Amino acid sequence: MKKQNTVKKSETKKSTEQSKVMPLCACGCGKHTKGGKFIPGHDAKLVSHIMTNGARGKACYTMAKELVHMISNGDITISDAIAEYKTKFPLGMK
């Protein structure tokens, strides 16, 4: 009697998971996410990083969050987002 080539379901699942390439975090840290655009907390760190380059306040925070969204969609680079933020909300502005 011949043996059948069988693969356990757990082995198939492991090989499928290993073959998936997880996306890089959109904050630019170089780490892989578990499927989302950011590693947990890295979107907030990016908002904070953008805001350290200009004025602060509710309108500034809203724009920084919008820029992070644009970065995560690939519409703008981090350096371009910071430049845009600095232009709209320069340091010393109240």
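The values are calculated or read from the model by the stated rules, or taken from the named source; none is laboratory data. Owing to the predicted nature of the structure, the values given are computational and were not obtained by experimental measurement. No Cβ is skipped: glycine too gets one built from the backbone with ideal geometry, and neighbour counts run over all protein chains shown.
Some observations on this one:
- Members of the range 17-28 that are of a type outside the set (Val, Ile, Thr) and either under 16 Å from GLY74 (Cβ atoms) or at pLDDT below 85 (or both): GLU17, GLN18, SER19, LYS20, PRO23, LEU24, CYS25, ALA26, CYS27, GLY28
- Lone unmet requirement of (1) assigned to a loop (DSSP other than H, G, I, E, B); (2) closer than 30 Å to LEU91 by Cα; (3) modelled with pLDDT of 90 or more for LYS34: (2)
- Qualifying residues in the range 57-94 (those that are in contact (Cβ under 8 Å) with a residue 12 or more places away in the chain and basic (Lys, Arg)) - the one surrounded by the fewest Cβ atoms within 10 Å (Cβ to Cβ): LYS94
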